[in-house]
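I have placed the structure first, in the form of structure tokens, so that the comments after it can refer back to it.
Throughout, read-outs are computed from the coordinates displayed, never taken from laboratory work. Here the structure is a predicted model, which means the values were calculated and not measured. Glycine also receives a Cβ, built like all others from the backbone with ideal geometry; neighbour counts cover every protein chain displayed.
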């Protein structure tokens with residue numbers, strides 16, 4: 001089996017690269033080229049998913065494999081952990097490619113050639129897939145990282161006639177190259193390691209170093225991957241600019257999956273590159289440091305996101321915030337895996353939260369970007385001060401965006417809920433054994449209220465409330481079915497993630513069973529893993545006494561809310577009141593002049609001033 | 001896999017009893033506030049059941065839809081439903097209901113938030129500037145106040161190491177809370193008016209300036225649902241500190257405990273009435289600063305509880 005999965009990997013990458021060579025020649029026929037791009041991405045995605053399923057169904061972690069490319073040897077390793085990322089990237093890439101067919105026909109893009117777009121798209125996907133399968137920090141890492149970075153750079157600067165966009169793209173390129181340099185420097189500077197040294201050897205070598213040098217090396221690697229993931233304060237330097245100027249489907253890929261490669265790197269670093277011989281205390285300090293960064297990231301990122309009036313910038317900042325939750329969970333898990341065995345089950349809950357949030361965020365954030373893209377497609381703007389009242393005009397997009405917005409806000413039973421529940425619960429339950437994490441948990445909870453405020457604003461100012469311009473224009477309408485279908489698929493996945501979290505816990509169990517390393521050794525044992533009692537209704541986390549101490553049961557909640565909703569509906573009808581519709585009366589003109597509206601930039605004004613010190617302010 | 005114990009008949013009855021108590025008493029408690037306010041202003045005041053009359057009357061009045069979109073019609077239903085769920089899972093007087101085992105403290109907080117979201121959804125859908133201003137203030141208050149409520153619950157989480165609601169609310173004897181408990185009681189007293197959205201913290205509705213804020217475009221049964229939701233929420237917030245900090249009698253008689261808790265809740269409403277009748281409204285920026293201080297004090301209490 002081990003050989004065949006690497007064969008499939010090469011086939012899939014080959015398909016993508018082949019498509020990159022062929023499609024640009026067709027780019028005169030824009031939609032044909034788009035369709036070909038989609039088919040290639042889908043075919044490659046199926047190949048990748050096939051190999052991932054094979055890996056996850058295996059009994060143990062597959063052996064690694066050395067790919068010889070000319071004179072270069074690249075170590076590859078696809079374990080259960082990589083497999084999940086591969087599936088995630090394949091899914092979002094294929095769905096987005098389909099969306100691109102319609103989206104790139106937008107009026108604004110008509111005069112741009114799609115040649116470079118269709119070259120870069122598959123290369124970008126191939127780069128991301130490669131990054132989660134290479135097993136070194138030098139040769140393979142460089143190839144994968146550069147494919148991903150250069151391709152995404154050209155995709156971001158697609159609209160190259162606008163100097164602002166080019167500047168944002170350039171900044172992105174420079175910072176990503178710095179991140180690459182940091183990781184590569186660490187990979188080469190560790191004594192005994194050179195080009196093509198696999199991770200487990202790097203880990204062994206790190207074990208022999210003295211603490212100072214080891215700290216420096218790990219810090220460099222985390223810095224590199226953290227910069228990609230959007231960690232505070234590095235994420236703020238590039239992420240909002242790059243994500244907001246790229247074409248929306250590309251933003252969806254950047255935010256939905258590319259950031260996750262940074263998370264992938266951070267998890268690999270903290271749990272695979274930390275040698276057995278490292279003192280437990282030192283590892284706990286790493287956990288604490290990472291968790292602290294995570295908490296700052298989530299708080300600052302979200303409060304900056306609250307202030308934005310550009311819908312895509314808002315989503316981008318919110319990505320920083322959501323990535324913060326994941327980083328917090330990773331750090332917490334690392335910390336809990338210390339000498340105190342009682343905390344190990346909490347480590348399981350924390351890392352499960354990180355895992356779920358990676359999957360959930362990938363889906364709902366891609367979906368949000370695609371929805372904003374659809375709005376931009378029909379209205380030509382993403383400025384929340386101008387948008388409004390689109391619910392009546394584009395109802396399907398509005399409902400799908402609603403699903404994504406409540407998922408990101410963590411409303412019970414939707415997909416963000418269980419992952420945030422796991423992260424917050426794991427921090428709060430540590431109690432006195434790790435007191436600082438309780439405070440982190442409180443901050444995370446405050447922040448989830450801010451996330452809610454952010455998305456209430458985004459949704460309210462786009463789809464409900466009133467818009468001025470399109471009361472007059474009558475060319476604003478729902479986007480084509482071809483652009484709705486990909487969103488509908490993602491929305492379905494999003495609902496699935498929310499309602500059936502136990503499916504993903506079971507998947508996580510497979511990940512632990514088919515990977516090696518600290519996580520599997522410490523958490524994959526039945527004694528620890530069975531503290532997560534799963535059933536159709538959701539997940540229960542068992543405390544030391546064997547009784548559930550925290551539980552997330554989305555299906556029961558949905559049932560409860562439905563019944564209660566029916567009661568409310570009955571009550572509303574009980575009085576036999578008549579219904580009538582009448583327009584709002586506000587002394588006239590509200591829908592005719594933007595100056596008579598309460599704008600997005602006015603909303604939460606007092607709170608925005610209160611939070612001024614967190615930065616990311618938008619000048620009114 | 002652990003099997004959950006099948007709910008007993010009694011615990012199922014408990015769900016309905018909870019709902020009955022809240023649905024019946026919330027309007028009466030609201031009546032207390034109106035009566036106290038009236039007395040402070042040298043008025044006679046309406047009868048205690050006036051709020052219930054209001055709701056019944058509204059249910060039969062014309063329902064005017066100003067927008068014609070789904071969120072506007074859905075919002076009152078979600079708000080009311082979410083509050084019913086909160087009440088259904090709440091262990092009253094130490095007894096868990098059949099549904100308590102399906103929702104932990106985090107779920108409770110998020111369910112409470114859902115009600116707030118519904119109010120905002122309705123307000124944003126209203127196409128009315130006043131509604132938007134009200135929604136903006138409501139959300140701001142929510143961001144600041146909900147964590148404070150959560151930290152009160154968190155004290156119980158830290159003592160018992162569980163997020164199960166029964167354990168969180170009743171698992172700790174009063175004395176075991178120690179200094180942080182005392183601080184939290186003070187915090188919940190100072191936060192009370194904000195929890196129940198009464199003066200001086202009724203910026204969102206602010207009848208005199210915003211004419212009801214988020215609810216301005218609602219009428220008839222929709223408005224009745226929102227009003228009922230607000231009363232239930234108010235009673236929940238008044239009841240919670242009582243349940244959390246006043247020890248049960250321990251006589252073994254559920255009804256005795258329940259009666260005591262409800263009597264104390266009524267007292268809390270007297271206090272709410274007095275405070276709201278004697279305080280002018282804060283501006284939203286002043287309120288934010290006030291909540292900020294309260295938040296820090298509560299966080300300090302949590303920090304102390306973690307260290308001790």
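Here are a few things to note about the model shown:
- Relative contact order (percent, whole number), the range A:273-432, Cα cutoff 8 Å, 6+ residue spacing: 23 percent
- Between helix B:9-40 and chain B: long-axis angle, C-alpha atoms, 0 to 90°, nearest 10: 50 degrees
- Per residue, the convex hull around the alpha carbon atoms of the range B:1-70 comes to 216 Å³.
- Residue exposure sequence - B:127, B:227 - by fewest surrounding Cβ within 10 Å: B:227, B:127
- In terms of overall dimensions, the range A:238-283 has a Cα radius of gyration and Dmax of 16.0, 47 angstrom.
- Gaussian network model of chain B, springs between alpha carbon atoms under 10 Å - residue of B:131, B:176, B:96 with greatest fluctuation: B:176
- Between the range A:492-516 and the range B:88-106, the Cα center-to-center distance that results, in Å: 28 Å
- Rounded, prolate or oblate (a/c below 1.5 giving rounded, otherwise prolate when a/b exceeds b/c) for the range A:71-195 by Cα gyration tensor: oblate
- Put simply, the C-alpha atoms of the range A:311-367 give a gyration tensor, and the ellipsoid matching it has half-axes of 28, 11, 5 Å, longest first.
- Kirkwood-type hydrodynamic radius, the range A:94-133: 11.3 Å, calculated from all non-identical alpha-carbon pairs.
- Over chain A, relative contact order from alpha-carbon pairs under 8 Å, at least 6 apart, %: 13 percent
- Viscosity 1.306 mPa s, 10 °C: Kirkwood-radius Stokes-Einstein D of the range B:9-307 over Cα pairs, µm²/s: 81 µm²/s
- Using the rule -39500 (n - 2.57) for each DSSP H run of four or more residues, divided by the residues of chain B, the 222 nm mean residue ellipticity is -25000 deg cm²/dmol.
- Separation of alpha-carbon centers, the range B:130-185 and the range A:535-562, rounded to whole Å: 21 Å
- For chain A, pairs of C-alpha atoms spaced more than 44 angstrom apart make up 17 percent of the total.
- Shielding of A:434-447 by partner chains, average beta-carbon count, 10 Å: 4
- With the simple spin-label model, which puts each label point 7 Å out from Cα in the Cβ direction, the residue A:545 to residue A:210 separation comes to 5.1 nm.
- P(r) weight above 14 Å for the range B:46-124, C-alpha pairs, percent: 71 percent
- Per-residue shielding of B:111-118, expressed as the average number of other chain Cβ atoms within 10 Å of the residue Cβ, stands at 4.
- Highest-MSF residue in chain B out of B:97, B:172, B:278 [GNM, Cα springs under 10 Å]: B:278
- Peptide ranges B:289-301, A:549-561 listed from the most packed, as the mean C-beta count within 10 angstrom indicates: A:549-561, B:289-301
- In terms of surrounding Cβ atoms within a 10 Å radius of their Cβ, A:512, B:308 rank from fewest to most as B:308, A:512.
- Alpha-carbon centroids, the range A:189-226 and the range A:227-263: separation in whole Å: 26 Å
- Shielding of A:147-160 by partner chains, average beta-carbon count, 10 Å: 0
- Computed over the range A:166-314, the ratio Rg/Rh where both radii use C-alpha atoms and Rh is Kirkwood: 1.02
- log10 of Debye I(q)/I(0), alpha-carbon scatterers only, for the range B:187-308 at 0.09, 0.19, 0.20, 0.22 Å⁻¹: -0.34, -1.14, -1.19, -1.28
- Ranked A:424, A:309, A:476, criterion: other C-beta atoms within 10 Å, fewest first: A:476, A:309, A:424
- Contact order normalised by residue count of the range B:9-307, Cα under 8 Å, 6+ apart, percent: 27 percent
- Rounded, prolate or oblate (a/c below 1.5 giving rounded, otherwise prolate when a/b exceeds b/c) for the range A:459-578 by Cα gyration tensor: oblate
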